[in-house]
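Undergrad: The structure follows.
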Amino acid sequence: MTAISASAVPAAASPDPDGAVLHRPVIDWFDAHARDLPWRRPEAGAWGVMVSEFMLQQTPVNRVLPVYEQWLARWPRPADLAAEPPGEAVRAWGRLGYPRRALRLHGAAAAIRERHGGDVPRDHAQLLALPGVGEYTAAAVASFAYGQRHPVLDTNVRRVFARAVGGAQYPPNATTAAERKLARTLLPDDEPTAARWAAATMELGALVCTARTPDCARCPIASLCAWRQAGSPEHDGPPRRGQTYAGTDRQVRGKLLAVLRGTVTPVPQATLDQVWDEPVQRARALDGLVSDGLVEPLSGGLYRLPLT
């Protein structure tokens, strides 16, 4: 995640940016350079789009691809996933990280089966009402699966907008009201173009307007970019938040879950104790997994992935 001061984007941005001059070059670039990803193919359907959106949160495409393919082969419809225990979703999630996403996706699948006859709803409000589905995911599914007109703001899109319109190297730490307003302003009027624009700006941020090494020579809107016109000034806001893993509770949780995913029988405490030497941190990590519903404790000091 990237950060600048909360006032940087609004201060640099034009009050009424002309999105129309950006739409055609960005969409034309996308038509020529978009990656052939399975969730973009017509056969993926809304469920495939939803699965991909859950998996791609904070996880790169190359790690998601094999797990996505296995997931859809096993659970081609929401009802197929909902029929399995939630622990199987955690097991199939593998090492994608942030495994609570697997539980949330299982919960969304169960709600889709119960409320919508097993079909991912088209209505944005109904999507937003599903467990585990927030503002971004609801907009992404409505846009990418159903071609609707919604601003879709992930980190890549926010970075493109911060640079091209705001003149800043990075967007704020968390999505702001000013960013949402800007995204709505830049959104094309007709639904098909708006949906294409959402996908195109996301791809542009992922492939060209990257966080560390933007390839401005390949950018279709480089001549229009406010950040380049300002001389590509360096970030001068609060330090960008980095993510560490080695030695953290996240690493310990991952090691504990790896043991539990590797067996269908309950695992004794003694086996889990072998994955990390520091007992206080190990106990804290295990307690956190239990509290998050990712691990189910049993009598006799045994643990397993959740069945309910």
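The values are calculated or read from the model by the stated rules, or taken from the named source; none is laboratory data. Owing to the predicted nature of the structure, the values given are computational and were not obtained by experimental measurement. We place every Cβ from the backbone using ideal geometry, glycine too, and count neighbours over all the protein chains shown.
Undergrad: Output yes when any residue across the stretch 255-271 is part of a loop (DSSP other than H, G, I, E, B) and touching a residue at least 12 places away in the same chain (Cβ under 8 Å), and no when none is.
TA: Narrowing the stretch 255-271 to residues part of a loop (DSSP other than H, G, I, E, B): 262-266.
Narrowing the set further to residues that are touching a residue at least 12 places away in the same chain (Cβ under 8 Å) leaves 265-266.
Yes, that holds for at least one residue.
Undergrad: Write out, first by first residue and then by second, each pair whose Cβ atoms fall under 6 Å of each other, whose residues are 6+ apart or on separate chains, and whose first residue, in the stretch 75-97, is without any contact (Cβ under 8 Å) to a residue 24 or more places away in the chain while the second is surrounded by 22 or more Cβ atoms within 10 Å (Cβ to Cβ) and not in a loop (DSSP other than H, G, I, E, B).
TA: Pairs that qualify, where the first residue is without any contact (Cβ under 8 Å) to a residue 24 or more places away in the chain and the partner is surrounded by 22 or more Cβ atoms within 10 Å (Cβ to Cβ) and not in a loop (DSSP other than H, G, I, E, B), are Ala89/Ala102; Ala89/His106.
Undergrad: Continuing with the same structure: Out of Ala79, Ala83, Ala111, I need the residue that is outside the structural domain of Leu260 (by TED's automatic domain parsing), under 24 Å from Gln126 (Cβ atoms) and crowded, with 18+ Cβ neighbours inside 10 Å. Which one?
TA: Ala111
Undergrad: Here's a follow-up. Can you pull out the helices (runs of 4 or more DSSP H) entirely within the stretch 129-229 that have at least 2 residues that are among the basic types (Lys, Arg) and farther than 18 Å from Asp28 by Cβ?
TA: Hits in the stretch 129-229: 155-164, 177-186.
Undergrad: If you don't mind, there's one more thing I want to ask. Could you say which residue among Leu207, Leu182, Leu224 is in contact (Cβ under 8 Å) with a residue 24 or more places away in the chain and crowded, with 18+ Cβ neighbours inside 10 Å?
TA: Leu182
Undergrad: If you don't mind, another one. Yes or no: Arg95 within 23 Å of Leu256 (Cα to Cα) and surrounded by fewer than 14 Cβ atoms within 10 Å (Cβ to Cβ)?
TA: Working: within 23 Å of Leu256 (Cα to Cα): yes; surrounded by fewer than 14 Cβ atoms within 10 Å (Cβ to Cβ): yes.
Here the answer is yes, as Arg95 does meet what is asked.
Undergrad: How many residues are more than 17 Å from Glu203 (Cβ to Cβ) and surrounded by 12 or more Cβ atoms within 10 Å (Cβ to Cβ) if we restrict to the stretch 56-67?
TA: First pass over the stretch 56-67, keeping only residues more than 17 Å from Glu203 (Cβ to Cβ): 58, 63, 66-67.
Going one step further and asking which of them are surrounded by 12 or more Cβ atoms within 10 Å (Cβ to Cβ), we end up with 58, 63, 67.
Of the residues in the stretch 56-67, 3 are more than 17 Å from Glu203 (Cβ to Cβ) and surrounded by 12 or more Cβ atoms within 10 Å (Cβ to Cβ).
Undergrad: Test Ala198 against the stated conditions and say whether it is touching a Pro at 6+ places or on another chain (Cβ under 9 Å) and among the small types (Gly, Ala, Ser).
TA: yes
Undergrad: Could you check, for the stretch 19-26, whether at least one of its residues is modelled with pLDDT of 95 or more, among the small types (Gly, Ala, Ser) and crowded, with 18+ Cβ neighbours inside 10 Å?
TA: Looking through the stretch 19-26, none of the residues is modelled with pLDDT of 95 or more, among the small types (Gly, Ala, Ser) and crowded, with 18+ Cβ neighbours inside 10 Å.
Undergrad: Sticking with this structure for a sec: Might you check whether a residue that is crowded, with 17+ Cβ neighbours inside 10 Å, at pLDDT 95 or above and either closer than 29 Å to Val26 by Cα or under 23 Å from the mean Cα position of the chain (by Cα) (or both) occurs anywhere in the stretch 230-250?
TA: Checking the stretch 230-250: not a single residue is crowded, with 17+ Cβ neighbours inside 10 Å, at pLDDT 95 or above and either closer than 29 Å to Val26 by Cα or under 23 Å from the mean Cα position of the chain (by Cα) (or both).
Undergrad: While we're on this one: Residue pairs, Cβ under 6 Å, 6 or more apart or interchain, first in the stretch 8-27 and in the same structural domain as Cys209 (by TED's automatic domain parsing), second among the basic types (Lys, Arg) and at pLDDT 50 or above. List them.
TA: Pairs that qualify, where the first residue is in the same structural domain as Cys209 (by TED's automatic domain parsing) and the partner is among the basic types (Lys, Arg) and at pLDDT 50 or above, are Ile27/Arg196.
Undergrad: Are any of the residues in the stretch 244-252 in a loop (DSSP other than H, G, I, E, B), touching a residue at least 40 places away in the same chain (Cβ under 8 Å) and not assigned by TED's automatic domain parsing to the domain that holds Ala140?
TA: no
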